[in-house]
Structure formats: C-alpha cells, structure tokens
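> Sharing a structure below in structure tokens format, with a few things to ask.
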Amino acid sequence: MPDERNNVQVTGGQVLAEALRRQRVDRVYCVPGESYLPVLDALYDMPEISVVSARHEGAAANMAEADGKLTGRPGICFVTRGPGATHASVGVHTAFQDSTPMILFIGQVARDARDREGFQEVDFRAMFGALAKWAAEIDDAARIPEYIARAYHVAMSGRAGPVVLSLPEDVLSAAITSPTYAQPVVAAAAAPRAADLDSLAAMLKAASRPILLIGGTGWTRESCHSVFDFARRNALPLVASWRRQDLIDNRCENYCGHLGLGPDPNLTARLKSADLVVAIGSRLGENTTSGYSLFTSPVPQQALVHVHPDPNELGRVYQPGLSIACGLADFGNALSSIEIPGNERRAAWLREAREAYVKFSTPVPLAGDYVDMGAVVGWLSGHLADDAIVTNGAGNYTVWLHRYFRYRQPRTELAPVSGAMGYGVPAAIAAKLRYPKREVVAFAGDGCFLMYPQEIGTAVQHRANLVIVVVNNGIYGTIRMHQERRYPGRVIATDIINPDFVALARSLGAFAARVETTDGFADAYRRAAEAGRPAVLELRVDPDQLTPAYRLKA
Ligand SMILES: Cc1ncc(C[n+]2csc(CCOP(=O)(O)OP(=O)(O)O)c2C)c(N)n1
Ligand SMILES: [Mg+2]
C-alpha cells in the first residue's frame with residue numbers, strides 16, 4: 001500500500017515503527033538502549049503502540065514471548081546490542097523450543113564500524129543462527145518494510161518461532177522517501193488431503209486402543225473445539241503433550257491427562273500399549289515422550305499418525321505410518337466429516353483412562369505443618385475463573401501445578417516447554433497487560449522467582465495487577481532431587497539463602513503476605529486478588545517434600 005505521505009522523508013526508525021503498526025502491533029517490550037533511539041523516538045509519536053520497558057532484557061524477551069503465545073502473532077521485543085541481546089537470548093530460546101511467534105529487534109553498531117568489534121558489537125546472524133528461525137541484519141533502510149513482512153511470515157508459518165533482526169544505528173537514522181508497506185501478514189497453511197483423511201478414518205476404525213495426543217502451537221479456540229468434539233463423538237481419549245494442558249478442557253470426559261516430566265505412570269503405560277497414536281500439533285519432543293522412551297525410534301511399535309503444520313517436523317524422530325502436513329484449523333474442520341462406528345472396547349479404554357486421570361489429579365492431603373501445595377493448587381483450581389491465566393517457570397513446584405490444576409480454556413497456560421526458570425513472572429505481567437480484566441496467577445519457586453523479582457516494579461508501573469505465588473522451600477528443589485538420587489547425602493550448590501520475600505515485594509510496591517499454613521491460603525489469596533496492585537504470596541513449603549510422591553525423610 002503506498003504511503004499517504006508521498007515524497008515525505010522519514011527515518012528508518014519511523015519506517016520500522018510504521019511497519020509494525022501496520023502489522024497491528026499494539027505493544028512492544030524493551031529495555032531502552034542508545035543503539036535504537038530513532039525507533040523509540042518514532043514510537044513517541046505513535047499512541048497506538050504502548051512501550052513497556054522492563055528491568056532486564058531476559059524478562060522483556062519472556063514478556064514478548066508470552067504475548068506471542070497469547071495472541072498467535074509475534075510478540076515484539078527491542079533490546080540494545082551485546083549485553084542487551086545476550087540477556088534477551090533466553091526468550092528467543094524459549095520461543096524456539098515452544099514454537100512461539102516472536103521478533104527480537106536488536107540495535108547494532110553503525111555499518112561503518114562493522115567487523116571492527118566496535119563497542120558491544122556482536123555478529124547477531126551468527127549468534128542467533130541456531131536459536132532463531134531466521135536471524136538477519138537490515139542493511140538498507142528502504143527495505144525495512146520488506147524485512148518486517150518476511151519476519152512475520154517466518155515467525156508465524158509452519159512451526160512458529162522467533163526471528164531476530166539486527167538494526168545498524170545509521171540505518172535507523174537514514175532518511176527514506178515514500179516507503180511502501182505490506183498488509184498484515186496472514187500465515188499460509190496447507191489443508192489435509194482427502195485421501196489422507198480416508199486413511200486416518202480407516203486406521204481409527206481398526207484401532208481398539210487409540211489415543212489422540214494434542215500439542216504444539218497454531219491452535220485456535222475453534223480448532224481445539226473441533227478436536228474435542230471429534231473425540232467426544234467417537235469416544236477417543238485426549239492426552240496433552242508437555243505443558244500444553246490447556247488445549248482441551250481438563251474437566252471433559254475425554255481428557256485423560258498430560259505427558260511430560262513426572263508423568264502419571266498409568267498414562268505412560270497406556271501410551272506404550274496403545275495400538276494407534278494420532279499426534280496432532282505435537283512435535284513428540286523429549287519430555288512428551290518421556291525421554292524418547294514411549295515410542296521406539298525410528299519406527300514406533302504403535303501405529304502412528306502425525307499431523308503437524310510443518311513438514312520438517314514429520315518423520316524427524318519417528319517415522320509415522322501416515323504423515324499429514326496441514327494447518328490445525330483445517331485439520332479440525334476436516335474431522336467433522338469423520339465418523340467411526342461405536343465400539344465397546346474403545347469406550348472401555350476411554351473410561352479406564354479417564355478414571356485413572358481423575359484419581360492421579362486429585363490431591364491427597366499431606367501431613368505436616370507446612371503449606372500443602374496439593375491443597376493450594378486444588379483450591380485455586382476450584383476457585384479461579386475459567387478464563388484465568390496461570391503461568392510458571394521451572395522447578396519441582398510446577399509438578400503440583402501441572403498435576404492438580406484443571407486447565408479449562410486454550411491459551412490459559414503459559415508454561416515454558418523450554419524449561420526456563422524465571423519465565424512465570426514476566427509471562428504473567430504480559431498476560432495481565434493483554435487481558436487486564438482476567439485473573440492472572442504466576443507460580444514461581446524461590447529460585448525461579450529470584451531470576452526476575454525486580455519485574456514487580458514493571459508490573460507496578462504498568463498496573464499489571466497479577467498475583468505471584470512464591471513457593472519457598474529454601475532450595476533449588478529439582479536439582480536437590482536429582483542430587484539425592486544420584487549422589488545421596490552429597491549436597492552442593494542447591495541451598496538458597498533467601499531474602500525476606502514479603503519485604504522485598506513491598507519495597508517494589510506490591511501487596512505481600514506470608515502464608516505459613518494450608519488453611520491460611522484461601523484468605524491470603526482473596527486479599528492479594530483484591531489488593532488493587534500486584535501481589536506476592538510467599539508460601540512456606542516443606543523442603544523434604546520434593547514432589548507429591550517423593551519425600552527425602554520418612
Ligand atoms: C534458567 C535456568 N537455570 C537453571 C535451570 C536448572 N534448574 C531447573 S529447576 C531448578 C531449580 C528450581 O528451583 P525453585 O524455583 O526453587 O523450584 P523448586 O524445584 O525448589 O520447587 C534449576 C536450577 C533451568 N531450568 N533454567
Ligand atoms: Mg525452591
């Protein structure tokens with residue numbers, strides 16, 4: 001579309017801001033840097049785009065990644081060169097492993113300083129070569145709109161992921177006349193072939209122990225519902241892959257649990273004895289497959305149908321009997337035409353799987369004086385609104401959350417498939433900014449929380465009134481668990497001397513309270529949720545209770 005301001009000169013920074021605006025960007029995350037001042041200055045004149053400046057680029061990148069997860073369009077992050085980009089790399093890695101659309105923009109040294117190792121200069125194409133779907137440097141201000149449009153296509157198409165664009169300082173301040181801009185990018189997607197759908201129907205008819213394994217990204221509320229409806233009509237068990245538990249309402253009779261770290265042994269046994277697995281959207285990654293042990297590679301013992309938007313993910317580890325490369329929306333629509341005759345063995349298989357899930361996901365009260373995490377997660381599961389967003393990072397505390405929380409709507413679980421500590425708080429801030437009226441609860445272990453506690457200041461500044469639940473056991477519990485299993489009694493580097501979390505949170509402007517008993521949680525949560533500002537609840541939990549099933553001391 002030709003620019004209205006014909007023959008008007010604009011800077012590279014203005015072109016970049018305008019190109020983003022035309023992609024319907026309404027928020028960018030950043031830590032400011034002198035290397036991209038022309039972009040910040042262009043955003044000064046653009047009220048449609050709000051600029052959220054975080055305290056650490058790792059947090060800013062996590063916020064942008066979470067925004068990408070929530071919207072399905074690239075989350076946008078701006079950082080400065082060397083130190084800013086290296087900090088932000090954690091969010092790019094998460095976007096890659098989590099298949100999330102995201103664009104990281106990095107201010108770069110001017111073109112005439114390049115390759116001298118100028119101040120904070122890094123070759124970002126090389127640095128992000130293995131972390132991003134595409135990493136490029138824009139050398140010509142006139143081509144900024146072309147690069148932005150391509151970045152959107154790359155980030156959103158096939159298996160979604162991160163793009164990194166490096167912006168030499170002088171390109172951003174260069175003058176351009178009459179730039180032209182692309183329309184908002186719509187990701188291209190293939191539709192399933194009729195013959196493949198016939199084969200799928202035939203395989204399902206022949207199966208008595210089938211499982212639909214749901215995962216990945218690129219889902220919409222409608223496509224999730226189509227898969228659920230298909231499972232319901234045909235009595236098929238639905239299982240979620242690692243940290244994709246929100247794709248299907250966990251309360252429905254077809255949902256039978258999730259795979260990942262600390263899985264239900266009953267469920268993994270069921271996967272192994274299934275006679276057909278239809279994996280839809282999932283990559284069949286390491287955690288989903290219990291370390292590549294649920295299926296034999298390269299040819300699984302179960303019949304395997306693999307449906308994924310990206311042909312490059314098909315046959316990557318496991319050779320499917322039937323591969324379908326197509327968009328999930330089209331696949332969901334196509335399922336409405338498949339009907340499988342009823343079969344009592346299949347109905348019993350579903351019933352047993354569902355019963356086992358309900359048993360595994362119902363908290364059993366723990367003895368002792370500490371706060372019982374099972375009871376806390378159970379209470380939240382029963383009291384949060386259906387559209388509440390729950391986030392977490394990495395640590396054993398997530399085992400309770402994933403096991404006992406019943407997720408109910410797509411895009412309500414922000415949990416890093418990458419297993420990155422520190423993700424939960426920044427992700428929850430992004431969620432609260434995206435949906436200010438919805439409840440947002442961040443779970444963080446003490447170790448996890450201490451990665452980005454300062455972002456409470458960002459939440460206060462932008463009125464992101466989330467509730468952060470800090471699960472304090474005084475240790476890096478996950479690593480202590482592995483240590484005790486492999487090197488019993490030889491504890492090293494896993495104790496944490498913690499700050500006073502309540503005082504820390506209050507100093508940053510949050511409401512804060514310490515919860516020392518299980519019964520005290522409900523009241524503390526209500527006060528936190530009604531505080532009218534970001535809130536932190538510190539839960540004192542038993543350091544010996546490393547998981548619901550694993551205690552250090554009898
Ligand atoms: C950024 C990052 N650093 C290190 C790790 C390795 N790691 C995984 S879990 C964990 C401990 C988490 O501790 P905490 O948040 O206190 O949770 P807990 O296990 O005690 O419940 C560590 C160090 C990681 N996953 N991510
Ligand atoms: Mg801990």
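The values are calculated or read from the model by the stated rules, or taken from the named source; none is laboratory data. Everything numeric in this text was worked out from a predicted model, so none of it was measured. Because the Cβ atoms are built from the backbone with ideal geometry, glycine has one as well, and the counts that use them run over all protein chains shown. For the accessible areas, the whole protein counts, side chains as well, though only heavy atoms, and no ligand, DNA or RNA atoms are used. Shrake-Rupley method; radii C 1.70, N 1.55, O 1.52, S 1.80 Å.
> How long is segment 163-218 along each principal axis, judged by its Cα atoms, biggest number first, in Å?
Answer, in whole Å and largest first: 66, 21, 13 Å.
> I've got another one for you. How big is Rg to Rh over the chain, alpha-carbon atoms, Rh as the Kirkwood inverse-mean-distance radius? Present the calculation step by step, with values, prior to reporting the outcome.
Details: Rg = 24.2 Å, Rh = 24.5 Å.
Expressed as Rg/Rh, it is 0.99.
> With θ taken as phi - 60° and the coefficients 6.51, -1.76 and 1.60, list the Karplus ³J(HN,Hα) couplings across segment 52-63 in order, rounded to whole Hz; mark glycine and proline as x.
So the J values, rounded to whole Hz, are 9, 9, 8, 9, 8, 5, x, 5, 4, 5, 5, 5.
> At 7 Å along Cα-to-Cβ for each site, give me the label-to-label distance between Asp198 and Thr180 in nm.
Distance between the two pseudo-spin positions: 4.5 nm.
> To continue, here is another question. When you count, for each residue, the other Cβ atoms within 10 Å and take the mean per peptide, how do 529-541, 362-374 rank with the highest first? Show your work: numbers first, answer last.
Details: 529-541: 21.2, 362-374: 16.4.
Going by the mean number of other Cβ atoms within 10 Å, highest first, we get 529-541, 362-374.
> Counting other Cβ atoms within 10 Å, which trypsin sites (Lys or Arg not before Pro) in segment 444-536 have at most 16 and lie in a DSSP loop? If you can, show how the numbers build up before the last one.
Values: sites: Arg463, Arg480, Arg485, Arg486, Arg490, Arg506, Arg514, Arg526, Arg527; in loops: Arg463, Arg490.
For trypsin sites (Lys or Arg not before Pro) across segment 444-536 that sit outside H, G, I, E and B with at most 16 neighbouring Cβ atoms in 10 Å, the list reads Arg463, Arg490.
> Next question. Could you work out the pair-distance distribution P(r) of segment 381-467 from its alpha-carbon pairs, with 5 angstrom bin width and percents rounded to whole numbers?
Per 5 Å bin, starting at zero, the Cα-Cα P(r) for segment 381-467 comes out as 3, 16, 27, 26, 19, 9, 1 percent.
> Could you list which residues have their amide H under 5 Å from that of Ser178, counting only those 5 or more apart in sequence or on another chain, with H placed in the peptide plane?
Placed amide hydrogens put Asn7, Val8, Val10 under 5 Å from Ser178.
> Considering only DSSP beta bridges whose two residues both sit in the chain, what percent are antiparallel, to the nearest 5? Walk me through the numbers on the way to the answer.
Details: 6 of 68 bridges.
Roughly 10 percent of the DSSP beta bridges within the chain come out antiparallel.
> How much accessible surface area, in Å² rounded to 10, belongs to the heavy atoms of Leu43 with a 1.4 Å probe?
The accessible area of Leu43 comes to roughly 20 Å².
> Suppose only helical runs count, i.e. DSSP H with n ≥ 4. What mean residue ellipticity at 222 nm does that imply for the chain under -39500 (n - 2.57) per run, divided by all residues and rounded to the nearest 500 deg cm²/dmol?
On the way: 20 runs with 199 residues, N = 554.
Taking each H run of at least 4 residues, the total per residue is -10500 deg cm²/dmol.
> When the distances between all Cα atoms of segment 147-186 are binned every 5 Å from zero, what whole-number percent does each bin get?
Reading upward from the zero bin: 5, 18, 21, 22, 17, 11, 5, 0.
> So which GluC sites (Glu not before Pro) in segment 12-82 end up in coil per DSSP with only 16 or fewer other C-beta atoms within 10 Å? Write down the numbers at each step before the final one.
On the way: sites: Glu18, Glu34, Glu48, Glu57, Glu65; in loops: Glu48.
For GluC sites (Glu not before Pro) across segment 12-82 that sit outside H, G, I, E and B with at most 16 neighbouring Cβ atoms in 10 Å, the list reads Glu48.
> Under 1.5 on a/c is rounded, so check that first for segment 73-168, then, if it is not, pick prolate when a/b is larger than b/c and oblate when it is not; a ≥ b ≥ c are the square roots of the alpha carbon gyration tensor eigenvalues. The partial results should precede the final answer.
Details: a/c = 2.26, a/b = 1.40, b/c = 1.61.
Because a/c hits 1.5 or more and a/b fails to exceed b/c, segment 73-168 counts as oblate.
> Determine the order of Ile106, Ile497 by accessible area, beginning with the largest, at a probe radius of 1.4 Å.
Values: Ile106 0, Ile497 165 Å².
Largest accessible area first, the residues go Ile497, Ile106.
> Quickly rank 304-312, 318-326 as a protection proxy: mean count of other C-beta atoms within 10 Å, highest first. Working shown, then result.
Working: 304-312: 22.1, 318-326: 18.3.
Packing proxy ranking, top to bottom: 304-312, 318-326.
> Next question, about the same structure. What is the sum of charges around Val122, taking Lys and Arg as +1, Asp and Glu as -1, for the other residues whose C-beta is under 12 Å from the C-beta of Val122? Working shown, then result.
Details: positive: Arg81, Arg114, Arg125; negative: Asp115, Glu117, Glu121, Asp123, Glu137.
In short, -2.
> Using heavy-atom solvent-accessible surface (probe 1.4 Å) with all chains present, what is the largest-first order of His93, His383?
Details: His93 70, His383 105 Å².
I get His383, His93, largest accessible area first.
> About its Cα centre, what dipole magnitude does the chain give when the only charges are +1 on Lys and Arg Cβ and -1 on Asp and Glu Cβ, stated in debye to the nearest 20? Kindly include the intermediate steps, with their values, before the conclusion.
Working: 56 positive and 58 negative charges, 286 e Å.
Computed charge dipole of the chain: roughly 1380 debye.
> Test of the criteria: in segment 102-179, which trypsin sites (Lys or Arg not before Pro) are in a DSSP loop and have at most 12 other Cβ atoms within 10 angstrom of their Cβ? Each step should come with its number before you reach the end.
Working: sites: Arg111, Arg114, Arg116, Arg125, Lys133, Arg143, Arg150, Arg159; in loops: Arg114, Arg116, Lys133, Arg159.
Filter output for segment 102-179: Arg116.
> On to the next question. For a test of the definition: using alpha carbon positions, the gyration tensor, and the 1.5 limit on a/c, classify segment 1-141 as rounded, prolate or oblate.
Details: a/c = 1.63, a/b = 1.11, b/c = 1.46.
Since a/c reaches 1.5 but b/c is at least a/b, the shape of segment 1-141 is classed as oblate.
> Any idea how far apart Asn333 and Asp26 come out in nm if each label point goes 7 Å out from Cα toward Cβ?
Those two pseudo-labels are separated by 2.6 nm.
> Relative to the Cα centre, what is the charge dipole magnitude of segment 99-244, using +1 at the beta carbon of each Lys and Arg, -1 at the beta carbon of each Asp and Glu, and rounding to the nearest 20 debye? Write out the running numbers ahead of the final one.
Values: 16 positive and 15 negative charges, 235 e Å.
Here the size comes out at about 1120 debye.
> Under 8 Å for C-alpha pairs, at least 6 residues apart: give me the relative contact order for the chain, rounded to a whole percent.
Details: 1243 pairs, mean separation 68.9, N = 554.
Contact order relative to length: 12 percent.
> Now a separate question. Could you give me D for segment 275-410, from Stokes-Einstein at 25 °C and 0.890 mPa s, where the hydrodynamic radius is the Kirkwood radius over C-alpha pairs? Units µm² s⁻¹, please.
135 µm²/s
> Turning to a different aspect of this structure: I'd like the accessible area for Lys69, computed on protein heavy atoms only with a 1.4 Å probe and all protein chains in place. Round to 10 Å², please.
Here the accessible area works out near 30 Å².
> Could you tell me the largest-minus-smallest coordinate of the C-alpha atoms of segment 434-498 on each of the three principal axes, in descending order and whole angstroms?
Computed over the Cα atoms, the extents are 47, 20, 15 Å.
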